[in-house]
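This report concerns only the one structure given below.
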Amino acid sequence: MKPRSIRLSVFALLFGLHPLLMASAEEATSFSEIFTESDTSFTFRYRFEHVDDENAEKNANASTLKSRITWTSASYHGFSGLLEVDDVSHIGGENYATPSNGKVGEYPIVADPDGTDINQVYLKYQQDGFTGTAGRQRILHSGQRFVGGVGWRQNEQTYDSVRVQLPIGPVTLDYSYIWDVNRIFGPDTGGAQPRRYDSDSHALYLSFSPMEGYKLAAFAYLLDFDNAAANSSQTYGIEYSGAVGPVTLAASAASQTDYADGPIDYDADYYMAEVGTKIKGIGLGIGYELLGSDDGMKAFGTPLATLHKFQGWADQFLVTPADGIEDIYFKMTGSVGKTNLAFFYHDYSADEGSADYGEEYNAVASYPINKYVGVELKYAKYDADEFSQDTDKIWFSVNVKF
């Protein structure tokens, strides 16, 4: 662990326990109280990640620590500010590959490179239901299938943007203009992966809740990336979530075409449907998700999604194969005492052609030790058929929040 990182982590831990810094930010009655009534919080996440990938010479064993300091000002006449700094450090040997450490091929990739960075810094204005935010910020749309924060990784994805959230009668409008996407690959990627997407993009999400527990939404994403033109696209879609008695329903459909300087002229569709219920405290669900292909030339892509949430935790489909992908999945959730449990099964195949990609098993157990500390054990097993290679991953995490 680097001395700089040790100093930052110890500083945060010591001051995170100080009671004067535990107070929540309040409404300021004078300009000076913007600072004196502010709130400072600290979070730490230690993670050990083991990856066994048949294509790599050695197994990866990544031991990393994320330390986060978040300062939130008090609100003054509707205005407030936030500054959040993250530091990611490896502990012990760097026995894994990142896009910047030169070990790709020797070890499987664990996308948690070292570095200290400003994760968020913004100015916000809130008044009468209106929220306007300018600066580097977290944007999470719906289930994060199209726009998310990739919070699973130690480096979070955030957006340099102007965002407006506004209720218009029964509809809530959420619009963002994004000029930079700060990706998960750390401050220095050595060119193997762009640290940022230079963006000229628009994200619009309109939601309508006719009654509690039901939501209809429409969205439009016009993504233009100067340094990643292959990911530029325009997407229009709708989604629904609700329930019929004890049965929950969710569905979404979208269409995507090339946009701006995208190098391939294509048209692809997206469909998702999921049905779930709960029997004696056990949640059961079955779902279908399709990211379609245009004759094998190019498939539907979601470059700003929290991709780890979808199509299995082994992360074999972070980039949609050119032939597209069909994912039929089953899930089961429950708890034993304070331990929360979940199990998922995925069966993958191509949209274009008849390729059987393989299947995957996921399981997770999380346990809250107290209100400050929680632990999690997580497993993913991908059995390859006609795509990629067999991969096993195990994670153990300790989360601390003050």
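Based on C-alpha pairs under 8 angstrom that are at least 6 apart in sequence, the chain has a relative contact order of 11 percent. For S201, the residues 5 or more places off, or on other chains, whose built amide H falls under 5 Å of its own are I178, D224. Sequentially through the stretch 367-384, phi angles give Karplus couplings (6.51, -1.76, 1.60; θ = phi - 60°) of 9, x, 5, 7, 6, 9, 10, x, 10, 8, 10, 9, 9, 9, 10, 9, 9, 6 Hz, Gly and Pro residues having no value and appearing as x.
Listed values for the stretch 332-341 are Karplus-derived 3J(HN,Hα) couplings in whole Hz (6.51 cos²θ - 1.76 cosθ + 1.60, θ = phi - 60°), namely 9, 10, x, 8, 10, x, 8, 8, 8, 10, and x replaces Gly and Pro. Please state the equivalent ellipsoid semi-axes for the chain: what are the square roots of 5 times the Cα gyration tensor eigenvalues, largest first, in whole Å? Semi-axes from the Cα gyration tensor: 32, 28, 23 Å.
Sorting 277-285, 323-331 by average packing, meaning the other beta carbons within 10 Å per residue, from highest down gives 323-331, 277-285.
Spatial offset of the stretch 327-402 relative to the stretch 282-299 amounts to 17 Å, using the alpha carbon center of each.
Scanning residues 5 or more positions from T302 or on other chains, those with amide H under 5 Å from its amide H are T320, with H placed 1.01 Å from N in the peptide plane. 3J(HN,Hα) couplings calculated from phi for the stretch 68-84 with the Karplus curve 6.51 cos²θ - 1.76 cosθ + 1.60 (θ = phi - 60°) are, in sequence order, 10, 10, 10, 10, 10, 6, 6, 7, 9, 6, x, 9, 8, x, 9, 10, 9 Hz; Gly and Pro show x. What you get for the stretch 272-402, charging only the Cβ of Lys and Arg (+1) and of Asp and Glu (-1), is a dipole of about 1440 debye around the Cα centre.
Taking amide hydrogens as placed 1.01 Å from N in the peptide plane, the amide H of G149 sits under 5 Å from those of T306, each at least 5 positions away in sequence or on another chain. Taking the charge dipole of the stretch 251-313 about its Cα centre, with +1 at Lys and Arg Cβ atoms and -1 at Asp and Glu Cβ atoms, the residue from G276, Y288, I264 reaching farthest to the positive side is G276.
Our helix-only sum for the chain, with -39,500 (n - 2.57) per DSSP H run of n ≥ 4 divided by its residues, gives a mean residue ellipticity at 222 nm of -1500 deg cm²/dmol.
FYI, it's all coordinate maths here, none of it is from the lab. Small disclaimer: the values here were computed from a predicted structure and weren't measured. Quick reminder, even Gly has a Cβ in these numbers, built from the backbone with ideal geometry, and neighbours come from all protein chains shown.
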